[in-house]
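The values are calculated or read from the model by the stated rules, or taken from the named source; none is laboratory data. Every value quoted in this text rests on a predicted model; they were computed, and no experiment measured them. Here the Cβ positions follow ideal geometry from the backbone for every residue, glycine too, while neighbour counts run over all protein chains shown. The protein model used for the area step is the full one, side chains on, heavy atoms only, and it has no ligands, DNA or RNA in it. Shrake-Rupley method; radii C 1.70, N 1.55, O 1.52, S 1.80 Å.
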Amino acid sequence: MSHTITNWDPEDVVAWEAGNKKIARRNLIWSVIAEHVGFSVWTIWSVMVLFMPESVYGFSASDKFLLGATATLVGACLRIPYTLATATFGGRNWTVFSAFVLLIPTLGTMWLLANPGLPLWPYLLCAALAGFGGGNFASSMTNINAFYPQRLKGWALGLNAGGGNIGVPMVQLVGLLVIATAGNRAPYWVCAVYLVLLAVAGIGAALFMNNLEQHKIDFTAMKDILRVRDTWVIALLYIGTFGSFIGYSFAFGQVLQINFAAGGQSAAEASLHAAQIAFIGPLLGSITRVYGGKLADRIGGGRVTLATFAGMLLSAGLLVGISTLDDHTTGPATALMMGGYVIGFIALFILSGIGNGSVYKMIPSIFDARSRSLPVSEAERQYWSRAMSGALIGFAGAIGALGGVGINLALRQSYLTSGSATAAFCIFVAFYIFALGLTWVKYVRRPESAAPVDVPAVTDMARA
């Protein structure tokens, strides 16, 4: 049986209602499953560090933040080639490959955690390989963007991304269950669970997904978006939303563990208590991403993104205040301080999830609005809009994920320099102020629908 569809037009309402929406839904379901497991493997080291007491493995808190930064960096860098891969090899084919290739770092993680005493570099190498799971997001989003019509992209992209993002809290929840039942010295059970899930995702994608023959994203589109001002603005905004989500996903559990240990708890107790809380933030952030996309469909991505950054600014400000108070308090952290840390981080996760959905909804809206000034046919206009949107989805996802690298490196340096996270939190506040102002100037004071086309060769591309 052929898994390639040769004639796909999501804007054809008659064909959509006659059966195309069922095909799109089936591909969306398995795309979510594969991306979900990919996210889990990408962030598996946010859980593994809870199984790595310094007395056994010899790694400091700064070493562990470096593991998270390494996985995040590789995942970010792979998002652009993964975006191109779906058009080159087919959405179904690439989903199968991207699921099975993650068996390598999952097995490697299992072996490394069973052999403490090794130097840091093999752990960094394995974390880098786990970063391949971060590329799954870009290929999945680009693929689903091609399946759905403009009127449903906000919902579809939000659901696809949110379902994938839930892979972050799920791996943390699996880690919590393992710590609670087998202790903090049995990390191999976490890896075993994901070996099975990767096999299910790969086989399911092979059986039930489709390639779209006309889905093409080439280097021309990738090159052309670099000349569009909105490309760089969207990328910066996505650093603030998705970069925050993935950066805090890697760091939240470790920040909690450090504070619990500072309060006098043993390594095992600190790991358990951190794991009991850490998964809540990414879970809520993943869920709110779907609603961020739906809300943007209704009232506009610019307004939702503006409100998101205002809330993130206040939440990060709370962390600065709590951390500063903690720095000047002698003795263990009080329950009030720990509560402040948890509330601040949870709010950041929820808001970053909403912002993820709203920023990604803005991408197809921007290029759909720009395409209406092109002197080309309707079919050519839609082709240009889809091609440019798909290219920017991959590019923004790559640049945005670099924000997670920055968060982990900022926290690492802050702990190395002062022994606390206060300086890093101040940096986060400054960035959210910048993102808030940028959103207001570019997309609220002057909505994206009013932006003119500023790509010289768009007509040539549309006719290609």
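Here are a few things to note about the model shown:
- Boolean, VAL174 is touching a Gly at 6+ places or on another chain (Cβ under 7 Å) and either closer than 22 Å to TRP42 by Cβ or of a type in the set (Ser, Thr, Tyr) (or both): no
- Within the range 21-41, residues that are farther than 18 Å from LEU152 by Cβ and modelled with pLDDT of 95 or more reach no partner that is acidic (Asp, Glu) and open to solvent by 40 Å² or more (accessible area, probe 1.4 Å) with beta carbons closer than 7 Å at six or more positions or on different chains.
- Selected residue (criterion: modelled with the highest pLDDT) from residues of the range 406-450 that are closer than 14 Å to GLY301 by Cα and part of a loop (DSSP other than H, G, I, E, B): ARG445
- Scanning the range 48-84 for residues that are farther than 24 Å from LEU236 by Cβ and of a type in the set (Gly, Ala, Ser), we see that the one that is surrounded by the fewest Cβ atoms within 10 Å (Cβ to Cβ) is SER55.
- With a requirement of 2 or more residues that are under 18 Å from the mean Cα position of the chain (by Cα), the helices (runs of 4 or more DSSP H) lying completely within the range 28-106 that satisfy it span 44-48, 61-77, 79-89, 91-100.
- Scanning the range 330-349 for residues that are touching a residue at least 24 places away in the same chain (Cβ under 8 Å) and either of a type in the set (Ser, Thr, Tyr) or not in a helix (DSSP H, G or I) (or both) gives PRO332, ALA333, TYR341.
- Among all positions in the range 382-389, there is no residue which is aliphatic (A, V, I, L, M) and surrounded by fewer than 24 Cβ atoms within 10 Å (Cβ to Cβ).
- Residue match in the range 117-131 (condition: closer than 28 Å to LYS223 by Cα and either crowded, with 24+ Cβ neighbours inside 10 Å or among the acidic types (Asp, Glu) (or both)): yes
- Helices (runs of 4 or more DSSP H) wholly inside the range 220-329 that include at least 3 residues being closer than 24 Å to ALA61 by Cβ, more than 18 Å from the chain's Cα centre (by Cα) and at pLDDT 85 or above: 229-262, 267-278, 301-327
- Between TRP45, TRP16, TRP94, the distinction of being modelled with pLDDT of 90 or more and open to solvent by 30 Å² or more (accessible area, probe 1.4 Å) belongs to TRP94 only.
- Leading residue by the ranking (surrounded by the most Cβ atoms within 10 Å (Cβ to Cβ)) among those in the range 153-205 that are among the hydroxyl-bearing types (Ser, Thr, Tyr) and in contact with a helix residue (DSSP H, G or I) (Cβ under 8 Å, 6 or more places away or on another chain): TYR194
For every residue, the table says whether it meets (1) touching a strand residue (DSSP E or B) at 6+ places or on another chain (Cβ under 9 Å); (2) under 28 Å from TYR291 (Cβ atoms); (3) in a helix (DSSP H, G or I); (4) of a type in the set (A, V, I, L, M).
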residue	(1), (2), (3), (4)
TRP111	no, no, yes, no
PRO122	no, no, yes, no
LEU125	no, no, yes, yes
GLY134	no, yes, yes, no
ILE144	no, yes, yes, yes
VAL168	no, yes, yes, yes
ARG185	no, no, no, no
ALA199	no, no, yes, yes
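- Checking every residue in the range 378-392 against the condition of being closer than 22 Å to GLY302 by Cβ, of a type outside the set (Gly, Ala, Ser) and not in a helix (DSSP H, G or I) gives zero matches.
- Of all residues making up the range 106-121, the number that are under 14 Å from MET52 (Cβ atoms) and in contact (Cβ under 8 Å) with a residue 60 or more places away in the chain: 7
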